[in-house]
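First the structure, in the form of structure tokens, and then the observations on it.
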Amino acid sequence: MPLKAKLDDREVISVLCSEEDWSHAQHASKGAGGRLRMSCCDAPAYASHSPLDLRYFAHKSGYDRCPSSGESDQHESLKAAAARAVQSLGGWQADVEVSGNGWRADVLAVRGSIKIAIEVQLSAQARRRTGARNDRFEASEVSAFWLKGRNNHFNDFGDGLQAPVHGTSIREQMESVDVAVRNLLGAVERQVRMANELARLIRTIPGWVYNINLQGTIPACFELQRESKRQQILLGELGPSLLPTVFRPVDGKQVGADQFAGAILQLRMNALHLRGYQSSSFQLAPDDLSNSLAHQLRPILEGNKTWQGKEHTEVVPGAFVHYPEECPDCETRFLRITHLLIGHPRRPRTLPVKVVHDEWRWYEPILSAAALLSRKIGLPLGPLVDDGENVYFRPKRVDQKCPTCGERAPTPLISHDEALHAWPGRDEHFRFRLPLPGKGWGASTRWVKQPAPDAAAWDALLDAKRANRQEEREEGRRREELAEAERKRRHEELQRQAEERRQQRIADDLARKTADEQRAIEARCQAEEDRQARVIAQQEERKRKLRTAAETAIKNNERRNLWLTTGNSYLRSIGDTVAPRPIEVAAQNKEGLERALQLLRSTKF
């Protein structure tokens, strides 16, 4: 479905022409004069509509169709959507099916010197093929913008401008193309505005000359030169696709370390920050672009603001805060260094107090300077020790040992603030290369001079501190004596309480033993009484049984022998043979049995 034809030798674009021109084209296609002809092959044409109400031109029957007529309805619809999006933006002109030196653009968007070829690529296309086509576009100073269909969503088309086409239906894809084209042309307009305003700003700053690097017809990078210094300024509104700068380090230095400002400058309005340039970008205000650009870049191009990164350092002076110290154990006097001031004395407030710690590779020259100071003053230098902390740029106290007895020196008399603001010395004991604090675009730290504090006030401060320390030591000794007496009293009290508890345990054990013995005796007595009661009960039971048996025998008038044996009493028949027979009772008649019963009753068992 071609979108372009010639009406009376005048080109007509179906999707962009007016209703009047389209009506004339339809009327001409019905005539026989051949007024409407195809732009591609000059064959007679007619105007028609697709099922989606898309205007297009077609070859009349009976004429061979040229190769340009083989595009799909989907491709033609997306091409028409791109052309309409371009034409709807003020200042832009759209043309379709434009041919050049080795290239043919689906849609060509033109505004002034800016030319952008919008290509709808639905079929799969390799990166090498895309690069070759981009080279042909760039040779004609045309920038290519690829609208990638579903077959190319995951294909990398290189560093060129590109956007995927989303949606499942043709209407959804046409809406996606409309949004992508509008976003692209809006970003191009903002990038061109930034380039124009930047060029005006550079011309107002003496000494700078510039060259603009174009990607096709779109400005992408400014190359500034000032004597032997260079500065790159990237326009990042279109993202990294148009930028020629690579991200890898050059000669061991990070990208932009050789720049006039210490880093590559990056400008943007609505786009995201581009990573890889080791510095933050500048976001400009679209409604006040000129003033925003001048406010951000003028101090940098005039040399008043630079990028301060991890690789930047500054040489600063340093001084020792020192005074004579006396060992509390052996009373040896030695040189006490309490703080190492970096940047002191000429700018005491712009950098924090930095002190010596165990990073000897940093502080070996400083320790040599401390030894020179010791020889100059005439006092031995106590060995320096640290407090175990290793934190960079955090104020930290220097501890020392007595050079004679090796005992740790007492707590310093001077605090961090007093060392920074009350130290009267203005000697520069050493010089120190210091990384700049922080990271970002900022003015270089300026040197500040401060009047030296009074030396007499410093001596008075030390005397007062020593007196306070002596009072604290005496108070500490008194507190220690009181604490020792209290500890001794508490120890004696604890011993007394322990002895009382021991005696109480012994008494409790003895009482418990006595009670146990008494309970055992009572238990034995009770057992004996129970045994005797059982014996008596058994004897009574035997007597009862004997009497019952005798009475039964008398009653029954039977001849029986009654036998009594130790431990058991019972009656047996005369025929039984049981020995021994201590008592034998026999009766031949009733009278004899009664006498025997009386005998039994009178017998004690």
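Evaluate the following for PHE282: is it over 26 Å from ARG230 (Cβ atoms) and among the aromatic types (Phe, Trp, Tyr)? Judged against the criteria, PHE282 is not a match. Scanning the range 168-192 for residues that are among the β-branched types (Val, Ile, Thr) and in a helix (DSSP H, G or I) gives ILE170, VAL177, VAL179, VAL181, VAL188, VAL192. Just name the residue that is nearest to LEU198 (Cα to Cα) out of those in the range 242-280 that are modelled with pLDDT of 90 or more and of a type in the set (S, T, N, Q). For the range 242-280, the residue satisfying everything is GLN266.
Of all residues in the range 141-156, those that are surrounded by fewer than 22 Cβ atoms within 10 Å (Cβ to Cβ) and either part of a helix (DSSP H, G or I) or in contact with a strand residue (DSSP E or B) (Cβ under 8 Å, 6 or more places away or on another chain) (or both) total 7. Do we have any residue at all in the range 245-265 that's in a strand (DSSP E or B) and crowded, with 16+ Cβ neighbours inside 10 Å? Yes, the range 245-265 contains a residue that is in a strand (DSSP E or B) and crowded, with 16+ Cβ neighbours inside 10 Å. The residue of the range 385-440 that is surrounded by the fewest Cβ atoms within 10 Å (Cβ to Cβ), among those that are at pLDDT 60 or above and among the basic types (Lys, Arg), is ARG433.
Each residue in the range 171-188 was checked for being charged (D, E, K, R) and without any contact (Cβ under 8 Å) to a residue 60 or more places away in the chain, and 1 pass. Taken over the range 95-123, the residue count meeting the criterion of being assigned to a strand (DSSP E or B), in contact (Cβ under 8 Å) with a residue 40 or more places away in the chain and farther than 18 Å from LEU161 by Cα is 3.
Number of residues in the range 147-184 that are touching a Lys or Arg at 6+ places or on another chain (Cβ under 9 Å) and of a type in the set (D, E, K, R) equals 2. Within the range 73-88, not a single residue is part of a strand (DSSP E or B) and at pLDDT 85 or above.
The values are calculated or read from the model by the stated rules, or taken from the named source; none is laboratory data. Just so we're clear, the structure is a prediction, and the values are computed from it rather than from any experiment. We place every Cβ from the backbone using ideal geometry, glycine too, and count neighbours over all the protein chains shown.
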